[in-house]
Amino acid sequence: METHISCLFPEILAMIFSYLDVKDKGRVAQVCIAWRDASYHKSVWRGVEAKLHLRRANPSLFPSLQARGIRRVQILSLRRSLSYVIQGMPNIESLNLSGCYNLTDNGLAHAFMQEIPSLRVLNLSLCKQITDSSLGRIAQYLKNLEVLELGGCSNITNTGLLLIAWGLHRLKSLNLRSCRHVSDVGIGHLAGMTRSAAEGCLNLEHLTLQDCQKLTDLSLKHISKGLTKLRVLNLSFCGGISDAGMIHLSHMTSLWNLNLRSCDNISDTGTMHLAMGTLRLSGLDVSFCDKIGDQTLAYIAQGLYKLKSLSLCSCHISDDGINRMVRQMHELRTLNIGQCVRITDKGLELIADHLTQLVGIDLYGCTKITKRGLERITQLPCLKVLNLGLWQMTESEKVR
């Protein structure tokens, strides 16, 4: 007797359909009734984010999403009220409104008029009309929020951070990129330094403060005292922080990834403070810090030798610095030294001899290296990506 795919149990079909991309999941539902029923099994759509253009009324939209068990939504264009989404998906878990430039405080207020306990992730990046008023609503009604993206919301101030610190105690990830009105006072609110007004977001694990120009070393002091669970801290382009601030960060034992890219006042001294502390860093980025030199590599070898990822693009390092570092960095997997114009084939030979676990290396703009050095690098046993600019040599393209 012949066995046809239509004879499979619906549970087996659903398991097969779960491996398809979103478009194909929709297509199989149109084949026959059996496939349609199997494709509506919630396991098929687990983790899928619906991407919607909200233009005109569609009565079947939200019932269809709920039947599939979809609870994550990204709004690509918003021409209807946001409340239309919230009412249609009362059990929504993730709402991505990134780039919805026409979203206002008023529109958000109409959507968030009662508690939404299921919502865990809210992305308002580049919603430039959003102000502290909206953060008040969010703090009041989204008590279970764990991820809040506010990158590019340039009207947010310290008052907004006070409201977040007052209401969002379960927050684990906060992105404040380019919120240029935020200062040390606001970071103090988040870190629980003003307990009389707000408890703080003491469960934060990821904090992005990229391009927050008003921050100084006092913010780092607040962070080190109050945000002791922090694992990832992005301070790139924060020109107001200095070497002295690294002393505060140097004893944050939970911190495993630190981004100091383009922090103009960070030098070898700052790296020394980090290396002399009790950090267990896995990733460090000091790219474009033009006061970083070979001495930093010596400090890294002494105290930050457990690093798996190190970025030093455009730093003033040389073959001598590479020589002082490589023998201790047995766990390093990714090394970015693009635009380090003092690196020569000698430095690449040292890397090839000692950093045998490297998976990826960036050599873009290293003008003093030649084919000889590249041939040594491509013999690394684990190497998968070699960046020489616009061209990336992968494992299958290695020089033999």
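Some points to look at:
- Surrounding net charge for Gly226, when Lys and Arg each add one and Asp and Glu each subtract one, Cβ distance under 12 Å: +3
- Stretch in the chain that is longest and holds no chymotrypsin sites (Phe, Trp or Tyr not before Pro) that DSSP places in a loop and that have at most 14 other beta carbons within 10 Å: 102-390
- Taking every DSSP bridge with both residues inside the chain, close to 5 percent are antiparallel.
- The Cβ shell under 14 Å around Asn144 holds other residues with a net charge of +2, Lys and Arg each +1, Asp and Glu each -1.
- Solvent accessible area, Å² - Thr228, 1.4 Å probe, full protein context: 80
- Gaussian network model of the chain, Cα within-10 Å springs - most flexible of Ser134, Ser125, Ser60: Ser60
- As a length-normalised measure over Cα pairs under 8 Å and 6 or more apart, the relative contact order of the chain settles at 6 percent.
- The candidate values were (1) 21; (2) 46; (3) 36; the one computed from these coordinates for percent of Cα pairs over 39 Å apart carries the label (3).
- Bridgeable lysines around Lys51 (alpha carbons under 23 Å apart, same-chain partners fewer than 8 residues away excluded): Lys23, Lys25, Lys42, Lys128.
- Note that the range 90-99 has calculated 3J(HN,Hα) couplings of x, 9, 4, 9, 9, 10, 10, 10, 3, x Hz, one per residue in order, obtained from phi through the Karplus relation 6.51 cos²θ - 1.76 cosθ + 1.60 (θ = phi - 60°); glycine and proline are x.
- For the chain, the fraction of 1.4 Å probe accessible surface lying on carbon and sulfur atoms is 51 percent.
- Theoretical gain in end-to-end length, Thr356 to Ser81 [0.36 nm per residue, Cα-Cα removed]: 93.4 nm
- Between the range 235-256 and the range 82-127, the alpha-carbon center distance in angstrom: 34
- Measuring against 26 Å, Cα to Cα, the residue pairs Lys143/Lys229; Lys229/Lys306; Lys172/Lys291; Lys346/Lys384; Lys143/Lys214; Lys225/Lys306 contain Lys172/Lys291; Lys143/Lys214 as the ones spanning a longer distance.
- Heavy atoms of the protein chains alone define the surface here; on that basis the chain has 47 Å² accessible area per residue at 1.4 Å probe size.
- With a cut-off of 14 Å between beta carbons, the residues surrounding Cys366 carry a summed charge of +2, where Lys and Arg count +1 and Asp and Glu -1.
- The helix-based estimate of mean residue ellipticity at 222 nm for the chain, built from -39,500 (n - 2.57) per DSSP H run of four or more residues and divided by its residue count, is -8500 deg cm²/dmol to the nearest 500.
The values are calculated or read from the model by the stated rules, or taken from the named source; none is laboratory data. Since this is a predicted model, take the numbers as computed values, not measurements. No Cβ is skipped: glycine too gets one built from the backbone with ideal geometry, and neighbour counts run over all protein chains shown. All accessible areas refer to the heavy atoms of the entire protein, side chains included, with ligands and DNA or RNA removed. Shrake-Rupley method; radii C 1.70, N 1.55, O 1.52, S 1.80 Å.
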